[in-house]
Amino acid sequence: MILRTPRRHQRSRKRGATTPEGIIYCGRPTIRGNPFRADRFGHARSVRLYRRWLSRALTIGDLERLGFNQSEINGLVQWRNRLDRELPTLRGRDLQCWCPLSSRWCHVDALLEAANP
């Protein structure tokens, strides 16, 4: 049996387009979305922050320096704990978001790595 590496897919904006069967959408407002908004941090930085958050390398002090208040930080901690429980369900699955496939910066790439170690 040949195992296929899960891939990232781009969500289509065309009228009538749907997410193909078997692919999981990972944008907002799902638990799989990136809480570090590109309109606040820029696209590349938001993905770098997400990657650090996903690997638990982003500290509470880091979040405070980024301008998050205590309530937002608590929400991010709860979100991260929920995402931990979700990761096993993403193993082996193709994931979808809005980023162009040519983009070097996409939070789904970090999710794919975390779900498929």
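The values are calculated or read from the model by the stated rules, or taken from the named source; none is laboratory data. Quick caveat: nothing in here was measured; it's all calculated off a predicted structure. Don't worry about glycine lacking a Cβ; one is built from the backbone with ideal geometry, like all the others, and counts go over all protein chains shown.
The table that follows gives values for the structure above.
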{"read-out": "Within segment 95-117, considering residues that are assigned to a loop (DSSP other than H, G, I, E, B) and in contact with a Gly (Cβ under 8 Å, 6 or more places away or on another chain), the one nearest to ARG7 (Cα to Cα)", "value": "ASN116"}
{"read-out": "Test: residue in segment 43-54 that is surrounded by fewer than 19 Cβ atoms within 10 Å (Cβ to Cβ), over 25 Å from ASN116 (Cα atoms) and of a type outside the set (Val, Ile, Thr)", "value": "no"}
{"read-out": "Residues located in segment 77-117, provided they are more than 24 Å from GLY42 (Cβ to Cβ) and touching a Leu at 6+ places or on another chain (Cβ under 6 Å)", "value": "ALA115"}
{"read-out": "Subset of segment 74-117 that is aliphatic (A, V, I, L, M) and loosely packed, with under 15 Cβ neighbours inside 10 Å - its residue that is nearest to TYR50 (Cα to Cα)", "value": "VAL77"}
{"read-out": "Total residues in segment 12-39, condition over 14 Å from the mean Cα position of the chain (by Cα) and among the charged types (D, E, K, R)", "value": "5"}
{"read-out": "Among (1) modelled with pLDDT under 95; (2) surrounded by 12 or more Cβ atoms within 10 Å (Cβ to Cβ) - the single one PHE68 does not satisfy", "value": "(1)"}
{"read-out": "Output for segment 6-30, where each listed residue is among the basic types (Lys, Arg) and either surrounded by 10 or more Cβ atoms within 10 Å (Cβ to Cβ) or at pLDDT 90 or above (or both)", "value": "ARG7, ARG8, ARG11, ARG28"}
